[in-house]
Amino acid sequence: MSQRYRIAVIPGDGIGREVVPEGLRCLQAAAEAHGFELECTEFDFACADYWARHGEMLPPDWRDVLGGFHAIFFGAVGWPEVVPDHVSLWGSLLRLRRGFDQYVNLRPVRLLRGVRSPLRDREPGDIDFLVVRENTEGEYSSIGGRIFEDTDRETVLQETVMTRTGVDRVLRYAFELAAARPRRRLTWATKSNGIAISMPYWDERATAMAQRYPEVAADSDHIDILTARFVLQPDRYDVVVASNLFGDILSDLGPACAGTIGIAPSANINPDRTWPSLFEPVHGSAPDIAGRGIANPVGQIWSGAMMLDHLGEPAAAERVVAAIERVLDERADVLTPDLGGTGTTEGLGTAIAAEIAAGA
Ligand code: NAI
Ligand code: MG
């Protein structure tokens with residue numbers, strides 16, 4: 001019997017609904033080529049339509065509904081005309097990330113053949129690193145408050161939360177990743193010169209973790225110079241690990257340095273595998289181009305490759321990424337407008353699926 005994986009599919013809003021079908025088309029092509037099965041179940045929640053009908057983004061029993069799947073394949077959520085962005089995001093994606101303890105947000109930053117970097121003179125091979133972002137605590141806490149509102153003493157406080165468990169587990173994940181890569185380099189983001197309590201603690205835990213991985217060359221950069229170096233010297237980096245806020249910024253800046261936002265993938269991982277992990281493109285629902293069939297499906301397809309890797313099908317994952325790269329490089333006729341072409345979402349997705357089926 002061939003291996004069978006149960007996948008929850010949540011297209012969401014806007015272009016999420018256009019790129020998810022192309023992601024599935026490519027995943028099914030990979031499954032066929034590598035002899036495993038993907039059993040996909042689609043859900044209509046986590047979108048503006050659902051919110052308009054139910055006043056909630058997710059059903060009350062979402063944990064039971066989704067908890068038994070091997071993975072979640074997610075499009076994008078957000079339709080500000082109907083539901084405010086903080087409601088749609090906190091009511092769906094952020095609940096899933098926290099509820100399923102997806103404490104690693106992983107984003108590969110790789111300049112692919114066929115894509116022009118906005119950084120002058122950069123070529124494939126110059127930019128190839130991973131950003132690992134802490135995804136459940138840190139600066140993004142809801143601890144704090146306001147007092148003396150509407151007076152001259154109006155006072156606002158918001159806390160950063162770092163737990164030893166939370167910090168160590170994301171650092172360990174990043175060191176494990178670095179140890180398995182050829183360059184074996186790791187950089188942790190800090191700002192211990194300015195944020196003088198939590199960031200020195202982060203440094204202390206990172207230094208202790210580094211001692212357990214002598215084969216990894218580890219160093220730290222303050223977040224300000226780190227952002228500058230992403231632009232000026234992206235070839236310095238191999239694995240970059242950061243707290244929630246710093247990682248959020250780096251994980252948008254990195255993919256932007258490697259080309260269009262339309263191709264960047266993202267994984268929200270529960271490494272303990274107690275709960276399903278969630279795979280999605282970096283981009284949102286793009287209301288400005290939704291409904292026109294011109295969204296770039298590559299971010300969705302590439303996030304599908306990350307899902308295959310997580311499921312234990314690394315060869316199939318590599319096959320998908322290789323197919324993406326060949327099509328971007330050789331098939332100018334199917335590229336979407338964000339890549340300088342005149343092609344469609346379906347045209348590009350179909351071309352990549354055919355390339356996956358053909359193999360190399
Ligand atoms: P966005 O990523 O949706 O769009 C930003 C710009 O990039 C737009 O001009 C859009 O047309 C373009 N773009 C995005 N994806 C593209 C693709 N695949 N192909 C071609 N062009 C693409 O970000 P924006 O406009 O800030 O947010 C729109 C909505 O999406 C909001 O409701 C926001 O909350 C939501 N959002 C959801 C995310 C998620 O589900 N993870 C992430 C980011 C935003
Ligand atoms: Mg972000």
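Rounded to the nearest Hz, the phi-derived 3J(HN,Hα) couplings of segment 97-114 under the Karplus curve 6.51 cos²θ - 1.76 cosθ + 1.60 (θ = phi - 60°) are 4, 7, x, 9, 6, 7, 7, 10, 10, 10, 10, x, 10, 9, 7, 8, 4, x, where x marks glycine and proline. Give, rounded to the nearest 20 debye, the magnitude of the charge dipole that segment 128-257 has about its Cα centre when Lys and Arg contribute +1 at Cβ and Asp and Glu contribute -1 at Cβ. Its charge dipole is roughly 640 debye. Summing Lys and Arg as +1 and Asp and Glu as -1 over all other residues whose Cβ lies under 15 Å from the Cβ of His222 gives a net charge of -1. Couplings for segment 64-72, taken from phi via the Karplus curve 6.51 cos²θ - 1.76 cosθ + 1.60 with θ = phi - 60°, read 6, 4, 9, x, x, 6, 6, 6, 10 Hz in order; Gly and Pro are left as x. Remark: the chain carries a charge dipole of roughly 820 debye about the Cα centre, counting +1 on each Lys and Arg Cβ and -1 on each Asp and Glu Cβ. Checking every one of the trypsin sites (Lys or Arg not before Pro) in segment 129-199 against DSSP loop status and a limit of 11 other Cβ atoms within 10 Å picks out Arg153.
Can you sort Thr155, Thr160 so the residue with the fewest Cβ neighbours within 10 Å comes first? Present the calculation step by step, with values, prior to reporting the outcome.
On the way: Thr155 10, Thr160 20.
With the fewest neighbours first, Thr155, Thr160 line up as Thr155, Thr160.
Of the trypsin sites (Lys or Arg not before Pro) found in segment 267-352, those that fall in a DSSP loop while having at most 10 other beta-carbon atoms within 10 Å are Arg273. Residues whose amide H comes within less than 5 Å of that of Tyr5, counting only those at least five positions distant or on another chain, are Glu37, Leu38, Glu39 (H built at 1.01 Å from N in the peptide plane).
Whole-percent P(r), the chain, all Cα pairs, 10 Å bins from 0: 5, 24, 32, 26, 10, 2, 0, 0. Please label the shape of segment 128-257 as rounded, prolate or oblate, based on the square roots a ≥ b ≥ c of the eigenvalues of the alpha-carbon gyration tensor (a/c under 1.5 means rounded; beyond that, a/b larger than b/c means prolate, else oblate). Note, shape of segment 128-257 comes out prolate. Round to a whole angstrom and tell me the spacing of the C-alpha centers of segment 22-56 and segment 125-179. Result: 30 Å between the Cα centres.
Readers should treat all values here as calculations from the given coordinates under stated rules, not as data from a laboratory. These numbers were taken from a predicted model, which means no experiment stands behind them. For neighbour counting, all protein chains shown are included, and Cβ atoms are generated from backbone atoms with ideal geometry for every residue, glycine included.
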